[in-house]
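One structure below.
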Amino acid sequence: MLRRVLYIDLGKKESWVEERDELFERWLGGTGVATQLLLEECPQGVDPLSPEAPIIFSIGPLNALFPVVTKTVTAFKSPLTGELGESYAGGRLAMAMRFAGHESIVIRGAADRPSYISITDDDVKIKDATSVWGINATTVGFILREVETGVGRRSIIRIGPAGEKLVKYAGVIVDTYRHFGRLGLGAVFGSKNLKALVISGTEDVEVPDPGRYRKVYNKLYRIAVQTDVMDKYHDIGTSININVLNQLKGLPTRNFQSTSFEGAANISGEVFADDYLFRKVSCAHCPIGCIHIAMLKTSFAPHHEFEIRKVSYDYELIYALGSNLGVSDPAGLLELIEACERYGMDVMSTGVVLGWATEAYERDLITPQETLGVPLQWNNIKGYQKAIDHIVGMPNEFYAALAQGVELASDRYGGKEFAMALAGNEVAGYHTGPASIVGQIVGVRHSHLDNAGYSIDQKAAKKQLKPEEMVDAIIKEDDSRGVFNSLVGCLFARGVYTNDNIIDALGAIGIEKTQEDLDDLGKRIFEEKYRFKRREGFDIAEIKVPKRFYETITTMGMVDPETVETMLEIYRERRGW
Amino acid sequence: MHRLKVAHPERCIGCLSCMFACSRINTGHVSLDRSAIKIKTQGGIEGDFVVVVCHACRDPPCVKACPTGALERRDDGNVVFHEDLCNGCGECVDVCLIGAISLDGDEKAVKCRHCGACVAFCPHDVLELEEVPALGGSDAQKSSVH
Ligand code: SF4
Ligand code: SF4
Ligand code: SF4
């Protein structure tokens, strides 16, 4: 198995491969390695959208070898938060990188004209992308599929117009329906004139002991498929949480003004599954297949004339463009999701930005003059569609501000107390209690997935956890996810990859680790990420929590600022800061 | 004898577990190129998946096309592959219109043995291993006229 770093310099039009065994040995792979490469490659204080800012992709030692270890991590300096940018995507990218023989890819510099990168094993070509510049992310995928080789084992990742226009929460679409969504990798691509990257390869991976490999494989496959640990994902999917969180008073509604939504029953996972779901597909080498695809059939003329669109959905999308915008029409919601997909922009950030804008419009902080006559009103789908067009088109200062994220927009127009971001990142769809808030503040990429505070809240709601216990649970997740994200597994398979099973799987391919090794690695990775964050100016003490978090009831009742303060203090103490 | 059958292609989720199973179990490698079953997409992931498997032809054209005798039809109808005899000419690949045969990275033909290893790893019951009556050599010749 090849474990190498591929370097590509877009400015110099050069590429080369380096064997960096020591790096992979010390940091395992995935996010462990990506963080080191980012520290090496990214000059301190650099403008995230300048040629000097690098893009790193990494997979880990188990990718493509074991079921549900399907993700690739990217590390970059986030144009949205100005510090650590990190995002994960599934699809076929991890498998394609494995077979191309590169566990990490470093992209330096910027191209002088629209370009895309085509990688086949060690062969790297930087090709002209002028003809596809400006084309939406979905269509450009179809186009590259026709002109590039490697059918069946390649991966195609690309940006849409949002990335080209440097919308700070633009994402990168991976194959079909997977994304590097958060923190603005799409804008970094755009700043480099990089429209897409296509990768495939033919490395024949050998394992040291095929018998042992098969045995461990069988065990893990059986747990994933034949037990109930992953049931939730292949049945209704993550969107099952719409009804659940609505009942628990944790579903952010109308920009977090409420946590239960009277329209939830119309946009629940059950409704999508019964009325719209037409297919589920899978990331490469995942037997679960949680990618839920809805068929949206809209009539565009009498005489039974229909447009058919295929739109993937998940919990976060339904929250961000649904309950958070008061949208209760499932078809309209799918249209909004599809607009973001074509433009290539992060749905969570878009939903939070629009939620803030709607409230600001209600409160007359902004007027039709700013919105260019677009009515920003709850549940007004046409209005939201137009607003999304304008965020990408940026016809005036107001929409250009929206394209910079909710923090900057509220700096300029007011309404900071209801600008729902933590540490600059628009928040995920859980108003469950203090652990969710604290978790997103301290998390390395300010994501709900850093430490799953929302799930700690739900546990706490059942059996009364003390602040110390919640903080300890956050720290435990922070660190252990650093290890899992170095593999790089799908977080939905956390129940399959227990510590023992991770050790077994690594052992089966000749990487011997103990529990202590992994615990230590998790801590070190976390510290290294914080080294980067601090270097770029991040300071927990400066984080302001918008008042709205304390004004709306959560699953755990009202949260008071003191609880959050106390937990942050305990957190710092536990971390020895 | 057994034959691998694509019983429910509509149920395929494109996970490739079957391809990894085939190469893992039959060759000990982790590889798509060494898999005898092939999952293709028709118009990308949002289109339909196509599951390509060996049809177990009664009068197999691949055997006829092979100039070295690497593909040999046994009297019971099973086709066996002698890897050492394969010279990588690709005649078998061209003659199988289904696309069930390919060449791996070592330029050797990859041909399904109808062993059923992939069946056990398909999470969606797309594949089945079915029992088909064994054939005598001459019967097979006759039945293949149709
Ligand atoms: S569970 Fe879903 S996201 Fe995770 S690897 Fe499988 S298909 Fe991909
Ligand atoms: S039946 Fe056996 S040889 Fe044929 S595709 Fe399945 S695993 Fe491979
Ligand atoms: S294992 Fe089954 S569902 Fe997965 S790709 Fe193969 S045939 Fe399709």
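Here, each number is a calculation from the coordinates, and none is a lab measurement. Worth saying up front: this structure is predicted, and the values here are computed from it rather than measured. Here the Cβ is made from the backbone with ideal geometry for all residues, glycine too, and neighbour counts use every protein chain on show.
For the range A:64-147, a simple Cβ point-charge model (Lys and Arg +1, Asp and Glu -1, everything else neutral) yields a dipole of about 140 debye relative to the Cα centre. Only lysines eight or more places from A:K463 in sequence, or on another chain, were considered; those with a Cα closer than 25 Å are A:K232, A:K249, A:K476. Amide H contacts of A:Y313: A:H292, A:A294, each under 5 Å away and 5 or more positions distant or on a separate chain (H built 1.01 Å from N in the peptide plane; Pro and chain starts excluded). When shorter helices are ignored and each DSSP H run of at least 4 residues is given -39500 (n - 2.57), the per-residue value for chain A at 222 nm works out to -12000 deg cm²/dmol. The ranking of A:H292, A:H390 by Cβ neighbour count inside 10 Å, starting from the fewest, reads A:H390, A:H292. Give me log10 I(q)/I(0) at q = 0.13 Å⁻¹ for chain A, Debye formula, one equal scatterer per alpha-carbon, no solvent. These q points yield log10 I(q)/I(0) values of -1.46.
Phi angles across the range A:562-577 convert, under the Karplus curve 6.51 cos²θ - 1.76 cosθ + 1.60 with θ = phi - 60°, into 3J(HN,Hα) values of 4, 4, 5, 4, 4, 5, 5, 5, 4, 4, 4, 4, 4, 7, x, 8 Hz, Gly and Pro given as x. Considering only A:T259, A:Q404, A:G383, and ranking their Cα positions along the charge dipole of chain A that arises from unit charges at the beta-carbon of Lys, Arg, Asp and Glu, the one farthest toward the positive end is A:G383. Residue pairs exceeding 24 angstrom between C-alpha atoms, taken from A:K71/A:K513; A:K168/A:K544; A:K77/A:K192: none. Can you spot the aspartates and glutamates whose alpha carbon is less than 13 Å from A:K459's alpha carbon? Ignore those fewer than 8 places along the same chain. Once the sequence-local aspartates and glutamates are set aside, what remains near A:K459 is A:E469. The count of lysine pairs in the range B:2-139 that are at least 8 places apart or cross chains, and whose C-alpha atoms lie under 20 Å apart, stands at 8. Which shape class applies to the range A:4-200: rounded if a/c is under 1.5, otherwise prolate when a/b exceeds b/c and oblate if not, where a ≥ b ≥ c are the square roots of the Cα gyration tensor eigenvalues? It comes out rounded by the Cα gyration axes. Spin-label model, B:C115 to A:E146: label points 7 Å out along the Cα-to-beta-carbon direction sit 4.1 nm apart.
For the range B:33-135, the set of GluC sites (Glu not before Pro) satisfying both a DSSP loop assignment and a count of at most 13 other C-beta atoms within 10 Å is given as B:E107. 3J(HN,Hα) along the range A:368-383: x, 5, 5, 7, 6, x, 6, x, 8, 9, 3, 6, 8, 5, 4, x Hz, from the Karplus curve 6.51 cos²θ - 1.76 cosθ + 1.60 with θ = phi - 60°, whole Hz, x for Gly and Pro. By the rule of a C-alpha distance below 23 Å, with chain neighbours fewer than 8 residues away ignored, the lysines paired with A:K382 are A:K165, A:K297, A:K310. Couplings 3J(HN,Hα) of the range A:325-342, computed from phi: 10, x, 7, 10, 9, x, 5, x, 4, 4, 5, 5, 4, 5, 4, 5, 4, 5 Hz, in residue order, whole Hz [Karplus 6.51 cos²θ - 1.76 cosθ + 1.60, θ = phi - 60°; x for Gly and Pro]. Residue order for B:V119, A:V427, B:V80, fewest other beta carbons within 10 angstrom first, comes to B:V80, B:V119, A:V427.
Taking other C-beta atoms within 10 angstrom as a stand-in for reagent exposure, B:H55, A:H234, A:H102, B:H82 fall in the order B:H82, B:H55, A:H234, A:H102, fewest first. Think of each Lys and Arg Cβ as +1 and each Asp and Glu Cβ as -1; about the Cα centre, that makes the dipole of the protein assembly as shown roughly 580 debye. Projecting label points 7 angstrom from Cα along Cα→Cβ for A:D112 and A:D520 puts them 5.0 nm apart. Using only Cα atoms, find the angle between the long axis of helix B:17-27 and the longest principal axis of chain B, and express it within 0 to 90 degrees, rounded to the nearest 10. Around 40 degrees separate the two axes. In terms of its C-alpha gyration tensor, the range A:373-472 has a prolate overall shape, because the principal axis ratio a/c (a ≥ b ≥ c, square roots of the eigenvalues) is not below 1.5 and a/b outweighs b/c. Distant-in-sequence amide contacts of B:L71, defined by a placed amide H-H separation under 5 Å and a gap of 5 or more residues or a different chain, comprise B:H82. Relative to one another, the C-alpha centroids of the range A:105-182 and the range A:46-84 are positioned 15 Å apart.
If you take the charge dipole of chain A about its Cα centre, with +1 on Lys and Arg Cβ and -1 on Asp and Glu Cβ, which of A:I318, A:L183, A:V140 is farthest toward its positive end? Farthest along the dipole direction, towards plus: A:V140.
Which value in nm describes the separation of the simple spin-label points at A:E565 and A:D539, placed 7 Å from the Cα toward the beta carbon? Each label point is offset 7 Å from its Cα along the Cβ direction, giving 1.8 nm. Close amide H pairs (under 5 Å, H built 1.01 Å from N) link A:D121 with A:S200, A:G201, A:T202, residues at least 5 positions away or on another chain.
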